[in-house]
1. Collect the residues in the range 3-27 that are surrounded by fewer than 13 Cβ atoms within 10 Å (Cβ to Cβ), in contact with a strand residue (DSSP E or B) (Cβ under 8 Å, 6 or more places away or on another chain) and in a loop (DSSP other than H, G, I, E, B), keeping them in residue-number order.
2. Scan 47, 68 and give me the residue that is touching a Phe, Trp or Tyr at 6+ places or on another chain (Cβ under 8 Å) and touching a residue at least 60 places away in the same chain (Cβ under 8 Å).
3. Being surrounded by 13 or more Cβ atoms within 10 Å (Cβ to Cβ), more than 18 Å from residue 9 (Cβ to Cβ) and among the basic types (Lys, Arg) is the filter here, so list the residues in the range 50-95 that pass it.
4. Can you tell me which residues in the range 65-113 are polar (S, T, N, Q) and either closer than 26 Å to residue 41 by Cβ or under 13 Å from the mean Cα position of the chain (by Cα) (or both)?
Amino acid sequence: QVRLVESGGGLVQAGGSLRLSCAVSGRTNSRYAMGWFRQAPGQVREFVASISWNEGSTDYAESVEGRFTISRDNAKNTVYLQMSSLKPDDTAVYYCGADPSGIGFRSPAQYDYWGQGTQVTVSS
């Protein structure tokens with residue numbers, strides 16, 4: 001089993017920055033890729049960013065490319081999402097997920113474990 005706990009969400013003005021963290025516990029020696037997804041009210045969960053298990057590959061949704069950066073510190077079992085130049089459209093609950101393939105697919109169906117989510121609200 002893998003347990004994921006997100007933190008770092010909050011209320012920020014447009015143009016501001018936030019850093020989300022995802023603490024991983026349990027089977028931390030497994031080679032999971034990690035992904036960040038978000039879900040706004042009434043919307044499906046959408047891919048934001050992912051990072052492969054060995055940090056060799058990252059992937060970003062077009063809507064966040066150049067503004068968000070995903071990283072991981074395997075020694076601390078933590079994954080980060082640095083968000084800059086935030087827009088009101090970025091408002092959502094942000095979830096981190098663990099992908100056992102180690103690749104970091106864009107489909108939520110590929111992820112076996114999820115955190116409880118952290119709310120990000122961007123005001124205009």
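1. 17
2. Matching residue, one of 47, 68: 47.
3. 72
4. Result: 69, 71, 78, 82, 84, 85, 91, 107, 110.
Since every read-out is calculated from the coordinates, none of them should be taken as a lab result. Just so it is clear, the model here is predicted, and its values are computed rather than measured. No Cβ is skipped: glycine too gets one built from the backbone with ideal geometry, and neighbour counts run over all protein chains shown.
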